[in-house]
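Participant: My questions all concern the structure below.
No value in this document is a laboratory result; all are computed from the given coordinates. Note that the coordinates shown come from a computational prediction; the quantities given were computed from them, not determined experimentally. Cβ placement follows ideal geometry from the backbone for every residue including glycine, while neighbour counts extend to all protein chains displayed.
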2 protein chains.
Amino acid sequence: MTEAATNTTTPRYPIGDLARQTGTKVQTIRYYESIGLLPQPARTAGNQRVYGQDQLDRLGFIKHARDFGFPLDAIRELLDMTDRPAASCVEADEIVRRHLGEVRRRIGRLQALEGELGRMLESCSHGTVADCRAINVLSDHEKCCATSHEPVETIPYRAPD
Amino acid sequence: MTEAATNTTTPRYPIGDLARQTGTKVQTIRYYESIGLLPQPARTAGNQRVYGQDQLDRLGFIKHARDFGFPLDAIRELLDMTDRPAASCVEADEIVRRHLGEVRRRIGRLQALEGELGRMLESCSHGTVADCRAINVLSDHEKCCATSHEPVETIPYRAPD
DNA sequence: CTTGAACCTACAGTCGCTGTAGCTCCCATA
DNA sequence: TATGGGAGCTACAGCGACTGTAGGTTCAAG
Ligand SMILES: [Zn+2]
Ligand SMILES: [Zn+2]
Ligand SMILES: [Zn+2]
Ligand SMILES: [Zn+2]
């Protein structure tokens, strides 16, 4: 009974199954473990990782949240909240709101950029490099329609402190 | 005469002046030198870098192009073109077009994300974590409006090969 | 028993910087 | 001319979120 129950209630996946089922790469799973985002799983006699359903769910959450663009530290906070299901979700919503704000800020910056780049291309007569509108605008901010340039973020969602 | 001419025609800036005039950080200038984006400048007897007008212009170009979000390897190509001013600007325009395409792709992905995140927040009744719409959507792609998730780019502008 | 896929650890590389430690240099003022 | 302090120097680690590689071990099918 104990054995049968154990077998049916706790499936044991090797890391490759976890990867396939969640769409994550094997290395990424090990990376998440190394930074403490996933707990250390059980191991076989031969030292290979074996996961249960809860780990699969947890990784699924992480993957889905990453698909939404949440940075890992936000995901860590969200996971902590799922461990306290009776608590208020205000904090969770706040994390989502912050992320949404960041996404909107990024959209704004990129749209400004889109305008600038489009104008560059439109107004170039496509002759020599010396006459190239794009090259000339880049050489000289005076020729530039933007009065200033907001930095385009290269690192994902970290708001500037 | 030689001295006077030299003094007036070739100003010699220390690295800090270059940084101030272009809005770049000193370390960034040294980094650009280390990756070969800026040539090695002259040095004083005490081994300190001294720059001339051409270096200042080159760094200005790099800074401005970075403000437009161009990745460094694209900037490298654009700088190579400014050394051949009589050549056709087709290649330069192509680089700009590629970048514009990338910017538009990013905007698209972020707008999809914006919609998803907005819906999450709107449809949450702000009760417990267990009932939180955001947490539940993240826990289960079935509850998710998106049929699939395009990855949100974390690394700038490099098109997937 | 053999093969080969899957797994293991450890570490380097990506991109574009930024920050730090521990020096040396330069210039203005006293 | 001495001195103080700001500016410069090299070298290296760290960021975020992985990805790739080398060189080995384990496991399950045939
Ligand atoms: Zn052109
Ligand atoms: Zn400009
Ligand atoms: Zn909520
Ligand atoms: Zn989904």
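Participant: Return the average number of partner chain Cβ atoms within 10 angstrom of each residue Cβ along peptide B:58-68. Present the calculation step by step, with values, prior to reporting the outcome.
Facilitator: On the way: counts 1, 0, 4, 4, 1, 3, 8, 5, 4, 11, 11.
Taking the mean over all residues of the peptide, I get 5.
Participant: To continue, here is another question. Looking at the axis that maps chain B onto chain A, which chain B residue has the closest Cβ, and how far off is it in Å, rounded to a whole number?
Facilitator: Output: B:107, 3.
Participant: Give me the distance in nm between label points sitting 7 Å out from Cα along the Cα-to-Cβ direction at residue B:72 and residue B:147, one decimal.
Facilitator: The answer from the label model is 4.2 nm.
Participant: Work out the mean other chain Cβ neighbour count within 10 Å for the residues of A:124-134 and drop it here as an integer. Don't jump to the answer; show the numbers that get you there.
Facilitator: Working: counts 4, 1, 5, 3, 6, 15, 6, 2, 12, 4, 11.
Per residue, the average neighbour count from other chains is 6.
Participant: Per DSSP H run of n ≥ 4, the term is -39500 (n - 2.57); total these for chain A, divide by its residue number, and report the mean residue ellipticity at 222 nm rounded to 500 deg cm²/dmol.
Facilitator: -18000 deg cm²/dmol, from helical runs alone.
Participant: Right, here's the next one. Between B:113, B:37, B:72, which gets the highest mean-square fluctuation from a Gaussian network model of chain B, Cα cutoff 10 Å?
Facilitator: Judging by the Gaussian network model, the answer is B:113.
Participant: Right, something else. If each label sits 7 angstrom from Cα along the C-beta direction, how far apart, in nm, is residue A:56 from its counterparts in the other copies?
Facilitator: Spacings between copies for this position, smallest first, are 6.6 nm.
Participant: Still on this structure: Among rounded, prolate and oblate, which fits the protein assembly as shown when a ≥ b ≥ c are the square roots of the eigenvalues of its C-alpha gyration tensor, a/c under 1.5 means rounded, and a/b larger than b/c means prolate? Mind dumping the intermediate values first?
Facilitator: Details: a/c = 2.69, a/b = 2.15, b/c = 1.25.
Taking the square roots of the gyration eigenvalues as a ≥ b ≥ c, the protein assembly as shown is prolate.
Participant: With a Förster radius of 45 Å, plug the Cβ-Cβ distance of residue B:12 and residue B:94 into 1/(1 + (r/R0)^6) and report the FRET value to the nearest 0.05.
Facilitator: Numbers: r = 37 Å, r/R0 = 0.83.
So the FRET efficiency works out to roughly 0.75.
Participant: Of the listed peptides B:132-139, A:11-18, what is their order by residue-averaged count of other C-beta atoms within 10 Å, with the highest listed first? Intermediate values should be presented prior to the final figure.
Facilitator: On the way: B:132-139: 23.8, A:11-18: 15.4.
Descending mean neighbour count gives B:132-139, A:11-18.
Participant: Can you pull the one-decimal nm distance between simple spin-label points at residue A:112 and residue B:140, each 7 Å off the Cα toward Cβ?
Facilitator: Roughly 4.2 nm, to one decimal.
Participant: Lysine pairs, Cα distance under 30 Å, 8 or more residues apart or cross-chain: how many in the protein assembly as shown? Let's see the in-between values first.
Facilitator: Working: A:25/A:63; A:25/B:143; A:63/B:143; A:143/B:25; A:143/B:63; B:25/B:63.
So the count of such lysine pairs works out to 6.
Participant: Tell me the distances, shortest first, between residue A:14 and the same position across the other copies, using label points 7 Å along Cα→Cβ, in nm to one decimal.
Facilitator: From this label point to the equivalent ones elsewhere in the assembly: 6.3 nm.
Participant: Pull out a ≥ b ≥ c, the square roots of the eigenvalues of the alpha-carbon gyration tensor of the stretch A:90-143, then state rounded if a/c is under 1.5, prolate if not and a/b is larger than b/c, and oblate in the remaining case.
Facilitator: Numbers: a/c = 6.23, a/b = 4.13, b/c = 1.51.
Prolate, since a/c reaches 1.5 and a/b exceeds b/c.
Participant: Run through the other copies and list how far each one's label point is from that of residue B:25, in nm with one decimal, shortest first; the point sits 7 Å from Cα along Cα-Cβ.
Facilitator: In nanometres, ordered from closest: 2.8.
Participant: Between B:64, B:141, B:99, where does the largest GNM mean-square fluctuation fall for chain B, given springs only between Cα atoms within less than 10 Å?
Facilitator: The residue that fluctuates most here is B:141.
Participant: Below 10 angstrom from the Cβ of residue A:126, what's the summed charge of the other residues (Lys, Arg +1; Asp, Glu -1)?
Facilitator: Details: positive: A:133; negative: A:131, B:93.
Result for the local shell: -1.
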